1. Just one of the numbered conditions (1) closer than 19 Å to Glu109 by Cβ; (2) touching a Cys at 6+ places or on another chain (Cβ under 8 Å); (3) modelled with pLDDT of 95 or more; (4) open to solvent by 10 Å² or more (accessible area, probe 1.4 Å) is not true of Asp210; which one?
2. Have a look at Val272, Val345, Val340 and point out the one that is among the β-branched types (Val, Ile, Thr) and touching a residue at least 60 places away in the same chain (Cβ under 8 Å).
3. Quick check, is Ala105 among the hydrophobic types (A, V, I, L, M, F, W, C), farther than 24 Å from Ile329 by Cα and touching a residue at least 12 places away in the same chain (Cβ under 8 Å)?
4. Do the conditions hold for Val139, that is, is it under 17 Å from Ala27 (Cα atoms), of a type outside the set (Gly, Ala, Ser) and open to solvent by 10 Å² or more (accessible area, probe 1.4 Å)?
5. Out of (1) more than 22 Å from Arg162 (Cα to Cα); (2) modelled with pLDDT under 95, what's the single condition that is false for Met1?
6. Quick check on my filter: what residues within the range 216-246 are out of contact with any helix residue (DSSP H, G or I) (no Cβ under 7 Å at 6 or more places or on another chain) and over 26 Å from Val173 (Cβ atoms)?
7. Within the range 364-398, track down each residue that is at positive phi, surrounded by fewer than 16 Cβ atoms within 10 Å (Cβ to Cβ) and either among the acidic types (Asp, Glu) or touching an Asp or Glu at 6+ places or on another chain (Cβ under 8 Å) (or both).
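The values are calculated or read from the model by the stated rules, or taken from the named source; none is laboratory data. Just so it is clear, the model here is predicted, and its values are computed rather than measured. Neighbour counts run over all protein chains shown; Cβ positions are idealised from the backbone, glycine included. We work out accessible area using only protein heavy atoms, side chains counted, and drop any ligands, DNA or RNA first. Shrake-Rupley method; radii C 1.70, N 1.55, O 1.52, S 1.80 Å.
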Amino acid sequence: MGMTMTQKILAAHAGLDAVQPGQLIEAKLDLVLGNDITSPVAIDEFTKAGADSVFDRDKIALVLDHFVPNKDIKSAEQCRQVRDFAKAHAITHFFDVGRMGIEHALLPEQGLVIPGDCIIGADSHTCTYGALGAFSTGVGSTDMAAAMITGKAWFKVPSAIRVTLTGSLPRYVSGKDVILHLIGRIGVDGALYQSLEFTGRGARSLSVDDRLCIANMAIEAGAKNGIFPVDSKTICYCAGRSERMPAVYEADADADYTAEIEIDLSALRPTVSFPHLPENARTIDEAKGIKIDQAVIGSCTNGRLSDLREAAKILRGHKVAEGVRCIIIPATQEIYLQAVREGLVETFVEAGAAVSTPTCGPCLGGYMGILGRGERAVSTTNRNFVGRMGHVESEVYLASPAVAAASAVAGELCDPADIAG
């Protein structure tokens, strides 16, 4: 029996000719990632283990992105601990205020992840890097600590679901709509501990940014990882970002899949996930008219330059509706700077939006946009659980940047075509 992309990457990093679903393996890692919330716990475990050095200072990335600039004393102390650790061990890839970004947008941008890599991160959305043909998955802080010491991690080899994409995306439909549609079909546990492997001509038609968005939310379907085949778009994206050579893996023709799903991209509509689960997906036609108090455009899911450009196209010449707060968060410093150069930030400010330094902030109910009781937000983030963005009696509707921007103007959930024409 053949192997899937994920299985081939894991076999290679375990030094094995082949692996099969359910098999326990120990694999070498190309990168270990932590942030300002998860790294302190890992550092404590690192110290408890009696370790005095990391396995490779070039293969650890520490990104301060959740509560920075620090929102309170506790977050300041967490960041101080990570700074001290990074300095003590001369960590090459340490990203602090002024040069950081939201980790899952920053690492691909900086060329720290490439096709064929095996990556773990103490953050559930580490699965983002499958967009570049890498195996990447989230782990706990204890696993991160062990990985910083040994450079290895244990995995149970996942089975896989093949998602075949056909057609191409219509106007105002993006990767966010694709993944919300898929989660709506299979549910939040529909791919539990499996690999979501995307393929087909439709997959090749997607931009790298769309793929990053889709892979990012694989975890919201319970998946161990999401992964796309490596093609010319992938290679072009990685060119000039890393000096390492990519390793390209392809699924065998006789690879086994537990299920096969087909999605016609051309038939999709802008999609919104209603509270309080990402699986509560409905088209914008079913969602229009729901009043909102806040719109958030950003996060590791949708804070990339293409997302900001799409939002700016809709906001240009319009004003954010009275009584609505629109918060826009570029995902990295580089994206922020380019948004300034292109006049996007000017467009946002003129429309009445607030533009923030890169941060995860509101996505996890941290800061920069907390909701009060009874308030409702449309957000380009990835989760809408009870209390995710603030008060337990608030509501979060997940959507694309186009839908969020149009809704900010309309003051209610709105089809982008109704605003932009």
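1. (2)
2. Val272
3. Criteria not met by Ala105.
4. Answer is yes for this residue.
5. It is condition (1) that Met1 fails.
6. Lys224, Ala239, Gly240, Arg241, Ser242, Glu243, Arg244, Met245
7. Within the range 364-398, just Gly374 meets the criteria.
Residue-wise test of (1) closer than 12 Å to Gly366 by Cβ; (2) among the charged types (D, E, K, R); (3) open to solvent by less than 60 Å² (accessible area, probe 1.4 Å).
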| residue | (1), (2), (3) |
| --- | --- |
| Lys59 | no, yes, no |
| Lys74 | yes, yes, no |
| Asp84 | no, yes, no |
| Ala88 | no, no, no |
